[in-house]
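Read the structure below first, then the notes.
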Amino acid sequence: MHRDPLAGGRVTTIELPESPRILVIRRDNIGDLLCTTPLIAALRRSYPTAWIGALVNSYNAPALAGNPCVDEILSYDKSKHLTTWGAKLEAYWRRLGLIRRLRGRHLDLAILAASGYQASAHRFVVLAAPKRTLGYSLANIHLTPELHAPQGVHEVEATFGMLAALGIQGPPPPMMLVPDAAETVAIAPLVPSGKGPLVGLHISSRKEGQRWPIERFAALAWQLHASYGARFLLFWAPGAANDPCHPGDDDKAAALIRELAGLPFAAPSTPRLAGLIAGLSLCDRVVCSDGGAMHVAAALGKPIVCFFGDSDAVRWRPWGVPHVILQKDSCAVGDITVAEASLGFARLEASLGKRD
């Protein structure tokens, strides 16, 4: 037995075979899955001959594409993203087939990879019937070993911390994200020429309170071009604002494109997550709100200026990269001024100069 510095209690080490069959479950958002990649990398390092599968949803699955630490990506469609009963029934049928495949794997371990207990993921694990399950517990839900979610740490640290039950400790490795080569080749010719930094502007956010006004993005871009010779790639969630499943920002992007006329910029269409990953991989800096795109940029090693609303910046800040967080006492991103954003970018540049 040993003491886990994150879980804060005494933890019994799980003994696994030399080549175990391990399933990592992370079925929520893109950023959550990326924050789980250090855990997956540590598993591969400790069990180089293991079969490591990842159970994810079809929306966030591209975040693991090409990851050398994962043997198989098993994905399913979330029913809330489907609009017809026929599609929902088909998705449920495929999910049953997925459970049968997992049971046939005779899993040695399933990991509920999250910083807290997730009942829906636990139900899936019960159906998959692994020999052991590792995850954080609730007071009335006891897993063995019993781990309790830590407070006041990053999501990467909290998720990685449960590996203490396998005897895996130390600082988490970096997040891992592999851009799709074909998507990158398709976007690269659109990059505007010039010597200034290529700045990715991502204007969308799932939460309304974390959306920075379009006119301020435009004003910031003009300032950054004047001060640094910055060039820009513009990214947004594609689609119409009234799409019931995946609301998009096509109208806002069109408005910003008009405001940026005269600047060196391009606005590549990225209807697939793989395209967004590829586009951000080409950038030197990124300006965005807290959310999936921010974690994508962090996983790609990009310095970031990020707008935070009511999210916990300790838990969800960009992991492992230089960054400046802008967050007001009101927790409203709309209260952040262009001057504050420009100063934040200057602070980021200064920190990068010190690193050089």
Looking only at segment 304-320, which residues are surrounded by fewer than 18 Cβ atoms within 10 Å (Cβ to Cβ) and in contact with a strand residue (DSSP E or B) (Cβ under 6 Å, 6 or more places away or on another chain)?
Ala313
Pull up segment 37-69, narrow it to residues that are within 20 Å of Glu155 (Cα to Cα) and of a type in the set (Val, Ile, Thr), then point me to the one that is modelled with the lowest pLDDT.
Val56
Mind checking which helices (runs of 4 or more DSSP H) fall wholly inside segment 146-265 and carry at least 3 residues that are without any contact (Cβ under 8 Å) to a residue 24 or more places away in the chain and either of a type outside the set (Lys, Arg) or not assigned by TED's automatic domain parsing to the domain that holds Ala42 (or both)?
181-187, 250-259
Provide a single number: the residues in segment 321-331 that are in a loop (DSSP other than H, G, I, E, B) and surrounded by 15 or more Cβ atoms within 10 Å (Cβ to Cβ).
3
Restricting attention to segment 260-283, does a residue exist that is β-branched (Val, Ile, Thr), buried (at least 20 other Cβ atoms within 10 Å of the Cβ) and touching a strand residue (DSSP E or B) at 6+ places or on another chain (Cβ under 9 Å)?
yes
I need the full set of residues from segment 103-127 which are modelled with pLDDT under 90 and within 25 Å of Leu34 (Cβ to Cβ), in order please.
Ala114, Ser115, Gly116, Tyr117, Gln118, Ala119, Ser120, Ala121, His122, Arg123, Phe124, Val125
Do you know which of the residues in segment 170-228 that are over 17 Å from His295 (Cα atoms) and of a type in the set (Val, Ile, Thr) is surrounded by the fewest Cβ atoms within 10 Å (Cβ to Cβ)?
Val185
Within segment 266-277, track down each residue that is aliphatic (A, V, I, L, M) and either in contact (Cβ under 8 Å) with a residue 60 or more places away in the chain or not in a loop (DSSP other than H, G, I, E, B) (or both).
Ala266, Leu273, Ala274, Leu276, Ile277
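The values are calculated or read from the model by the stated rules, or taken from the named source; none is laboratory data. The shown structure was predicted, so the numbers you read here are calculated from the model rather than taken from an experiment. All Cβ positions, even for glycine, are placed from backbone atoms using ideal geometry, and neighbour counts span all protein chains on display.
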